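> First, the structure itself, so that you have it in front of you.
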Amino acid sequence: MELYPRSASTYDVLKAHGVDRRRFVKFCTMMAAALGLDATVVPQIVEALETKPRIPVLWLHGLECTCCSESFIRSSHPIAQDVVLNMISLDYDDTLQAAAGFQAEEIRKKIMKEHAGEYLLAVEGNAPTADGGVYCTVGGETFLSILQETAENAKAVIAWGSCASNGCVQAAKPNPTGAKPVHALISHKAIVNVPGCPPIAEVMTGVLTYILTFGTLPDLDRFGRPKMFYGQRIHDKCYRRPYFDAGQFVETWDDDGARKGWCLYKMGCRGPTTYNSCSTFKWNNGVSYPIGSGHGCIGCSEANFWDNGPFYERLSSIPVPGIESTPDTVGMVAAGAAAIGVGAHFISTEVRRAAQKDKTPGQKPPATEGR
């Protein structure tokens, strides 16, 4: 039995919980800020949450460790309780729901039939394809078949975490189960990839809030990731970036540079090549993130990150500035640059002299064969 009618809007549900108009508008303002939107968008969010019915969501679990769900329920802006109970209608999630067994599967099939083209399919984990997909089964059915069946009438698909977005550890070499990410198995639906191992809680709730508010998917990059959360590298806003630019790096764990908070690039940090919001939103109510805790980024929101190791070797493709060099090094570089400059000047002078000689009046042109 449903607590609220299917047509109930977010505002209807919030009012039933005793939320007055003032607190509701404050809630919408907070949503705009969390999504990085301008204050002028707040009235649009208010209208959407007042009038639009909650979106039915079917949340599937394949090959994964449930870390995405664990991250999701720890969201603070907005809190997961508001998202699940007030903003969306989470009709199926075999981790969070009370129903189990055949009763749970009946609910999934009912929503697929009665809300065809309206429900969101959220997928946590990926699907094994080797040997017919037998390495992950639910109620006697392979997860591969359940995924494809549920996606058929979905409005859109959200791939939670790196397992669903790009394969993660299950698809790492040699990938014995033939695990594949969602986009490799579903080609006829719009797919939003929200990678990370796990993704940031506020990024997950932010994606759902955006879809509910605007009735459309957020702008995506070429990998299907929301640009609002994956538009910049962690390196771009990392508080250790000034040390990178100054050439000050941690060389060994717990050395003096580590204690001073210097850049972790030489210890294998993937921040320069990883697109995510870790350095902006951070984790655990904005307390910290891996780099802030002294461990380099492992690039978990990028494809094939498990195969791009070892994690503690620096990326050879990233040039190191090395601005703060010793006087001897600066002198050697300056001397080298001066030598190159002298050589270039000598060559340039000789070329000009030769050209001038060729133009001297009365000089015969060189003999040419065939003339």
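> Search the structure for amide H atoms under 5 Å from the amide H of Tyr312, placed 1.01 Å from N in the peptide plane, and list their residues when 5 or more places away or on another chain.
none
> If we sort 213-219, 96-102 on the protection proxy, mean other Cβ atoms within 10 Å, highest first, what's the order?
Final packing ranking: 213-219, 96-102.
> Which of the residue pairs Lys52/Lys110; Lys113/Lys155; Lys52/Lys227; Lys173/Lys227 have a Cα-Cα distance greater than 18 Å in the structure shown?
The answer is Lys52/Lys110; Lys52/Lys227; Lys173/Lys227.
> Relative contact order, percent, of segment 221-316 when contacts are C-alpha pairs under 8 Å separated by at least 6 residues? List each step's numbers first, then the result.
Working: 136 pairs, mean separation 28.2, N = 96.
That works out to 29 percent.
> Right, another one. What ranking, highest mean first, results for peptides 268-280, 238-250, 19-31 when packing means the other Cβ atoms within 10 Å averaged over each residue?
268-280, 238-250, 19-31
> Can you give me the long-range amide H partners of Thr274? Hydrogens built in the peptide plane at 1.01 Å from N, cutoff under 5 Å, separation of 5 or more residues or another chain.
For Thr274, whose amide H was placed from the backbone, the distant partners under 5 Å are Ile234, His235.
> Just to be sure I understand the model, the point goes 7 Å from the Cα along the line to the Cβ. What's the resulting Tyr312 to Asn285 distance in nm?
Taking the simple label geometry, Tyr312 and Asn285 are separated by 3.3 nm.
> Between Cys297 and residues 5 or more places away or on another chain, which pairs have amide H atoms under 5 Å apart, with H built 1.01 Å from N, and which residues are they?
It is Arg270, Gly271, by chain and number.
> Return the sequence-ordered ³J(HN,Hα) values of segment 306-320 in whole Hz as given by the Karplus equation 6.51 cos²θ - 1.76 cosθ + 1.60 applied to θ = phi - 60°, using x for Gly and Pro.
Per-residue couplings from phi come out as 5, 8, 9, x, x, 5, 9, 10, 6, 6, 6, 8, 9, x, 9 Hz.
> Order 59-65, 69-75 from most to least packed using the mean count of other Cβ atoms within 10 Å.
Per-residue mean Cβ counts within 10 Å order the peptides as 59-65, 69-75.
> Which whole-number percentage describes the relative contact order of segment 264-306, with Cα contacts under 8 Å and a sequence gap of 6 or more?
The value is 51 percent.
> Related question: In a shell of Cβ-Cβ distance under 12 Å around Glu152, excluding Glu152 itself, what net charge do Lys and Arg (+1) and Asp and Glu (-1) give?
+3
> Rounded to whole Hz and in sequence order, give me ³J(HN,Hα) for segment 279-291 from the Karplus expression 6.51 cos²θ - 1.76 cosθ + 1.60, θ = phi - 60°, writing x for Gly and Pro.
Karplus values, whole Hz, x for Gly and Pro: 6, 9, 7, 6, 10, 6, 6, x, 6, 6, 8, x, 5.
> For Ala104 and Lys189, FRET efficiency with R0 = 35 Å and r from the beta-carbon atoms, rounded to 0.05?
0.95
> Run the simple label-point estimate for Asp255 and Leu220 please: 7 Å along Cα→C-beta, distance reported in nm.
4.4
None of the figures in this text is laboratory data; all of them are computed from the coordinates on show. Being a predicted model, the structure only gives us computed values, none of them experimental. Neighbour counts run over all protein chains shown; Cβ positions are idealised from the backbone, glycine included.
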